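Have a look at the structure below before the remarks.
The values are calculated or read from the model by the stated rules, or taken from the named source; none is laboratory data. None of these values were measured; they are calculated from a predicted model. Here the Cβ positions follow ideal geometry from the backbone for every residue, glycine too, while neighbour counts run over all protein chains shown. Just the protein is used for accessible areas: all its heavy atoms, side chains included, with ligands, DNA and RNA removed. Shrake-Rupley method; radii C 1.70, N 1.55, O 1.52, S 1.80 Å.
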Amino acid sequence: MDFLQLLQERYTCKHYDPAKKVSREALTKILEAGRLSPSAVNLQPWRFIVIERPEDKAKLEPGIMQTNKLRFADVPTVVLICAPITNPNSDVEQVLNKEEADGRFPDLAAKDAQRAGRCHFRDLHLHDALTWNAKQCYIAMTSMLYAAWSLGVDSTPVEGFESAKVNAAFNLPQQGLSCELIVFLGHRKEDDSNQLKFRPKSRLAFEDVVTYL
């Protein structure tokens, strides 16, 4: 499917069919789309936590705001997109070592130069590391939303949750993480009121958002 067509056809699902699960194959591809997303200096500052078991959904439920309770109750798969609270040298080194193993550096001098450059940009965000990392998570989330629809899986990007409650429920701060975004994945109910046949997609006109200089 043409990517522009994906953009035109995807919508945010409001009502999920609890009987229709997301296949493991589709879920793996959706998560892989998140993993392969671009990020600033390739730090890949995201971790994805998949929640499908009822007991795990029960732990998450108190952190979901009221406006999202109904769709949360029926959605079969939930993905927490978590960002590192800080960017320690060990995280930078993990990425550099993986890139070295993948053959991205002709020699150690090139790796050393990359380390210096990336730490420089990392250090520019020492005061707002979590915010910087969260911005990268939005890129990963977007990849996942459109990968999902390319596989016929509906989705809902969720900011309507209480991060402190979610973090506490899954001991995320102890892991150096904070949940910054949540994605619901599943299949729509036949009468989902937000379908495009009921509520056409609405965006500002091209000329209202694009300026050629």
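The single residue among THR28, THR12 that is within 17 Å of the chain's Cα centre (by Cα) and open to solvent by 70 Å² or more (accessible area, probe 1.4 Å) turns out to be THR28. Quick one: would you say SER193 is touching a residue at least 12 places away in the same chain (Cβ under 8 Å), under 30 Å from ARG47 (Cα atoms), among the hydroxyl-bearing types (Ser, Thr, Tyr) and open to solvent by 10 Å² or more (accessible area, probe 1.4 Å)? No: the conditions fail for SER193. Looking at segment 90-97, can you tell me whether even one residue there is surrounded by 12 or more Cβ atoms within 10 Å (Cβ to Cβ) and not in a helix (DSSP H, G or I)? Within segment 90-97, not a single residue is surrounded by 12 or more Cβ atoms within 10 Å (Cβ to Cβ) and not in a helix (DSSP H, G or I). Within segment 15-43, the set of residues being without any contact (Cβ under 8 Å) to a residue 24 or more places away in the chain, in a loop (DSSP other than H, G, I, E, B) and not aliphatic (A, V, I, L, M) comprises SER23 only. When the residues of segment 145-164 are filtered to those that are more than 16 Å from VAL79 (Cα to Cα) and in a helix (DSSP H, G or I), the one that is farthest from the chain's Cα centre (by Cα) is ALA164. When LEU151, LEU108, LEU124, LEU177 are checked against the criterion of being buried (at least 18 other Cβ atoms within 10 Å of the Cβ), modelled with pLDDT of 95 or more and not acidic (Asp, Glu), LEU177 stands alone in meeting it. Restricting segment 60-69 to residues that are more than 11 Å from THR156 (Cβ to Cβ) and not small (Gly, Ala, Ser), the residue that is surrounded by the fewest Cβ atoms within 10 Å (Cβ to Cβ) is GLN66. ARG188 passes all but one of (1) within 21 Å of ASN68 (Cα to Cα); (2) without any contact (Cβ under 8 Å) to a residue 60 or more places away in the chain; (3) open to solvent by 40 Å² or more (accessible area, probe 1.4 Å); which number fails? Only one criterion in (1) within 21 Å of ASN68 (Cα to Cα); (2) without any contact (Cβ under 8 Å) to a residue 60 or more places away in the chain; (3) open to solvent by 40 Å² or more (accessible area, probe 1.4 Å) is unmet by ARG188, namely (2). Among the residues of segment 48-92, those that are touching a Cys at 6+ places or on another chain (Cβ under 9 Å) and within 13 Å of ILE182 (Cβ to Cβ) comprise PHE48, ILE49, GLY63, ARG71, VAL75, LEU80, ILE81, CYS82, ALA83.
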